[in-house]
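Structure first, then comments.
The values are calculated or read from the model by the stated rules, or taken from the named source; none is laboratory data. No experiment lies behind these values; they were computed from the predicted model shown. For neighbour counting, all protein chains shown are included, and Cβ atoms are generated from backbone atoms with ideal geometry for every residue, glycine included. Remember, those area values only see protein heavy atoms, side chains included, never the ligands or the DNA or RNA. Shrake-Rupley method; radii C 1.70, N 1.55, O 1.52, S 1.80 Å.
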Amino acid sequence: MKILVTGGAGFIGGNFVHYELDHHPEDSIVCLDALTYAGNMETLREALKNPKFSFVQGNIADRDAVYALFEQDKPDVVVNFAAESHVDRSIENPGLFLQTNIAGTGVLLDACRKYGIGRFHQVSTDEVYGDLPLERTDLFFTEETPLHTSSPYSASKASADLLTLAYFRTFKLPVTLSRCSNNYGPYHFPEKLIPLMIINALADKELPVYGKGENVRDWLYVEDHCSAIDLIIRGGRVGEVYNIGGHNERTNLEVVKTILRALNKPESLIRYVTDRPGHDLRYAIDASKIEQELGWKPQTMFDTGIQGTIQWYLNNSVWWRNVLDGSYRAYYDRMYKYR
Ligand code: NAD
Ligand code: TYD
């Protein structure tokens, strides 16, 4: 079958392209990506050598370009990773998030209706559920937890979820949806917590921890997210939502200290900075639905995955040095200089 992967030059989409080419060599993949600041062709370097893979630069919100692609490539399955994905940027510029994450998803859904599709899979996030109290470690997000968003990013993702489910109900479009916890691993853009802290620590730069560093995230190794989506697009029930997460909850401070220890750097590099407005306290996923229905199980626990990820950044400094271009440095100064 032919899979259209949108946002495949980004972190998770890029890992998914590699996962599919490795595990399903019979399938072909077309990647549609606008190559925003977060998209990087270097991430797809190996894939580009594979005759089963092709790349098209374009915006998911550009209706003419998306329809032309569907007309030419006739995908059987669409997996939508393309998004503005960083909460802090959504606080700076919400409008772009509405355009890409909501309007862009709407264009893809329309194209699927117009040209016909075996499956449209929307890659969503646990952030649509809002947050859980820090002290209630017995609580987890299930697929039935009400949507209750905190940031423009999560609100835009929740809107796209609702639109996707509306196309299932109204137009009987065969959709599935997944809501995953925080990912980490290779090719993670260095504005997100883990790669930012690794790269700053390597350069003996301060590590900016928001608030007291008490917030909790449930970290999942990116390949485990890819294997879950692979199972859903091949065996998941249409119209269903699947939570994905690995029971690897850590406070931000624990994550930062683990990185410092692994790199043999002092904790004095930590700098506590003004908290993120509306900062979600704790995310924690109950993934029993996908485990029971599709037999999914995460393979990499945090303590091994984080060491492998740190090693990846040590071995691939060319990749992240190229990413840290002028526009990213300007963002970094804006975000942290006077914080
Ligand atoms: P990313 O920011 O690393 O990559 C996003 C990719 O989408 C980039 O290649 C970018 O060029 C592309 N893109 C952006 N706007 C586009 C547009 N208008 N048209 C076409 N391409 C466009 O993001 P990521 O971390 O890989 O996240 C991928 C998806 O997974 C997102 O939908 C995100 O909401 C979701 N998600 C992420 C996490 C996480 O921890 N990173 C967790 C759960 C869900
Ligand atoms: P992030 O990687 O942006 O993911 P998300 O906000 O989608 O969970 O941030 C993860 C956590 O780390 C979040 O609680 C915010 C915090 N954080 C910092 O403390 N300092 C930073 O410089 C960044 C980028 C994040």
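Worth a mention:
- Candidate set from segment 1-23 (those that are surrounded by fewer than 20 Cβ atoms within 10 Å (Cβ to Cβ) and in contact (Cβ under 8 Å) with a residue 40 or more places away in the chain); member that is nearest to ligand 2 (Cβ to nearest atom): Tyr19
- Flag if Gly118 is more than 16 Å from ligand 2 (Cβ to nearest atom), open to solvent by 40 Å² or more (accessible area, probe 1.4 Å) and over 30 Å from Arg334 (Cα atoms): yes
- Subset of segment 36-51 that is open to solvent by less than 50 Å² (accessible area, probe 1.4 Å) and among the aliphatic types (A, V, I, L, M) - its residue that is farthest from Thr100 (Cα to Cα): Ala47
- Those residues of segment 207-252 which are more than 16 Å from ligand 2 (Cβ to nearest atom) and of a type in the set (Ser, Thr, Tyr), in sequence order: Ser227, Tyr242
- Note on segment 272-330: residues that are aromatic (Phe, Trp, Tyr), in contact with an Asp or Glu (Cβ under 9 Å, 6 or more places away or on another chain) and outside any helix (DSSP H, G or I) total 2.
- When segment 37-56 is filtered for residues that are closer than 18 Å to Val79 by Cβ and within 16 Å of ligand 1 (Cβ to nearest atom), the ones remaining, listed by number, are Ala38, Gly39, Thr43, Leu44, Ala47, Phe53, Ser54, Phe55, Val56.
Here is a yes/no grid of residues against (1) modelled with pLDDT of 95 or more; (2) open to solvent by 50 Å² or more (accessible area, probe 1.4 Å); (3) out of contact with any helix residue (DSSP H, G or I) (no Cβ under 6 Å at 6 or more places or on another chain):
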position: Asn59; (1), (2), (3): yes, yes, yes
position: Ala65; (1), (2), (3): yes, no, yes
position: Asn80; (1), (2), (3): yes, no, no
position: Arg89; (1), (2), (3): yes, no, yes
position: Leu96; (1), (2), (3): yes, yes, yes
